[in-house]
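Values in this text are rule-based calculations from the coordinates and carry no lab data. None of the values given here were measured: they were computed from a predicted structure. With ideal geometry, Cβ positions are generated from the backbone for all residues, glycine too; neighbour counts draw on all protein chains shown.
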Amino acid sequence: MRHGKGNRRISLPLKRVNGQWEFLYGGDVPLRDGAIADLVVDIDSIQDRDFRELISQELSVKVLPLGAPLLVALSDRAHALQQAELAEMPNIPLQYWPPGCSRFVTVHIGPKSKRQSDLFAEDEGGLWLYQVGLDRCELECSPIQMPEGFPQKVAQSPNHAVTMLSEQYESHRLSHTGNAYTQCFYQEIDGKWLPLSVLRDGVFKRAERSLIDQAWRQLEEKLGWCHLPPVQKKSVPKQANRESGDE
């Protein structure tokens, strides 16, 4: 179950009997009207072929174009000892600021690889939201162009770029693997830099971000069946009317 009061979730074993769902060990499932749950089934058990194809289709939306910059966050101890210039620090909301970060390196999205040429129709490279069925969304990025003068000119992916930059600048680390979803940042239209995790996870949350919202609307148009509810606006309590004597 995904929705409901409280944070507890529970899995219920069910069985389809005479067109209805019953508790596997017998009897009805006593849920409140309006309860929403995730039903996990073997796709071969779906009898309607058109419905099966509809909910398992793979779709993609291009979010960032060829040449778009990405900031890679690093914890360079040598750089941390230097006086930081505030003008050089990117506009990153506090909740997304990487712990221990002391350096940002700019890389750029490069041309598509051969595998991506088979996946995506566009001629150029970029970064895509790749939606697989109902419950899986991935980011697919073409190879990364490393900074000018870097020993290797191209990284095969954002994660590969993070590893190579860590090897160059984070000499204090024993391992140089990283997480591109939290260490690579893209720039929104409002100028703020956000981690790629926001771009990926925002598809399901309808975050109030222009690139996420635009990408999801394109997916909705292609899917034709998976419309998220509109974002609810927070209500502002009305002030008491002193003239009427309300407290």
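Some points to look at:
- In this structure, the amide hydrogen of Leu70, modeled 1.01 Å from its nitrogen in the peptide plane, lies closer than 5 angstrom to those of Val107, His108, Ile109, counting only residues at least 5 positions away or on a different chain.
- Peptides 90-102, 149-161, 23-35, 165-177 ordered by average Cβ neighbours within 10 Å, highest first: 149-161, 165-177, 90-102, 23-35
- Where only C-alpha atoms are counted, convex hull volume of segment 14-55 per residue in Å³: 103
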